[in-house]
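Structure record follows, encoded as C-alpha cells.
The values are calculated or read from the model by the stated rules, or taken from the named source; none is laboratory data. It should be emphasised that the depicted structure is a prediction, and the values quoted were computed from it without experimental measurement. Glycine gets a Cβ as well: all are built from the backbone with ideal geometry, and neighbour counts include every protein chain shown.
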Amino acid sequence: MADIRIGDKVTAIYKTGKYIGEVTDIRPQHYLVRVLAVLKHPMQGDLHNPKEADVMLFHERRALAYREQTNVPKQMVKPFEEEIPEYKDSLKKSLDKMRTELAGDSSAWAEKSLNNIESLEKDYFK
C-alpha cells in the first residue's frame, strides 16, 4: 500500500461517489479527506437496493461539497498525481457523464435518477 501522508492529494471513493481530495488526518481505519473535486457523482436512489426504483424512499444523493471533510476507509484511498480540476467544473462534468449513461437506460430507476439530477443541478448551479 502506498505511504499516504497528511497533505497528500488522493482519490477517495465514498459511498457511490469518487472524489479528488487532500488527506487532513490519518486514523486507524480511515483517512480524513477534504474534497477538492468530483470524479464520479453518487448514484441516485437507495444505496441498499441499487438501481431499484420501487423502494420506500428514492434518495436524492448529493455530491460531497467543496472542502467538505469525510472519513474514507483506507482501502478506498489512492494517491493522485494529476492536475486537480476546479470543483464546480468537475461537478458539472460528473453530472453530464451520469446523465449520458442514464439516457441509454429506459428503466424506472434511470428515469427517477434523471429527475434527481435536474433538481440537483438547479441547486448546485444557482
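Please work out if Asp54 is surrounded by 17 or more Cβ atoms within 10 Å (Cβ to Cβ) and at pLDDT below 95. Steps first, answer last, please.
Working: surrounded by 17 or more Cβ atoms within 10 Å (Cβ to Cβ): no; at pLDDT below 95: yes.
So Asp54 does not fit the description; no.
Return yes or no: is Ser107 buried (at least 18 other Cβ atoms within 10 Å of the Cβ) and either of a type in the set (Gly, Ala, Ser) or under 24 Å from Asp3 (Cα atoms) (or both)?
When the stated conditions are applied, Ser107 does not pass them.
Across the stretch 90-123, what is the total count of residues that are more than 14 Å from the chain's Cα centre (by Cα) and either acidic (Asp, Glu) or part of a helix (DSSP H, G or I) (or both)?
Taking the stretch 90-123 as the starting set, the residues that turn out to be more than 14 Å from the chain's Cα centre (by Cα) are 99-116, 118-119, 121-123.
Subsequent filtering for residues that are either acidic (Asp, Glu) or part of a helix (DSSP H, G or I) (or both) retains 99-103, 105, 108-116, 118-119, 121-123.
So the count comes out to 20.
Looking at Gln75, Gln44, can you tell me which residue is among the polar types (S, T, N, Q), at pLDDT 95 or above and assigned to a loop (DSSP other than H, G, I, E, B)? Quick ask: steps written out before the conclusion?
Numbers: Gln75 fails: assigned to a loop (DSSP other than H, G, I, E, B).
Exactly one of Gln75, Gln44 is among the polar types (S, T, N, Q), at pLDDT 95 or above and assigned to a loop (DSSP other than H, G, I, E, B), namely Gln44.
Does Asp123 qualify as being of a type in the set (Asp, Glu) and more than 30 Å from Val23 (Cα to Cα)?
Details: of a type in the set (Asp, Glu): yes; more than 30 Å from Val23 (Cα to Cα): no.
Spelling it out, it is not the case that Asp123 is of a type in the set (Asp, Glu) and more than 30 Å from Val23 (Cα to Cα).
Provide a single number: the residues in the stretch 78-89 that are more than 12 Å from Val38 (Cβ to Cβ), of a type outside the set (A, V, I, L, M, F, W, C) and either modelled with pLDDT under 95 or not in a strand (DSSP E or B) (or both). Lay out the reasoning, then the answer.
To start, the set of residues in the stretch 78-89 that are more than 12 Å from Val38 (Cβ to Cβ) comprises 78-83.
Narrowing the set further to residues that are of a type outside the set (A, V, I, L, M, F, W, C) leaves 78-79, 81-83.
In the following step, the residues that additionally are either modelled with pLDDT under 95 or not in a strand (DSSP E or B) (or both) were identified as 81-83.
Residues that pass the stated criteria total 3.
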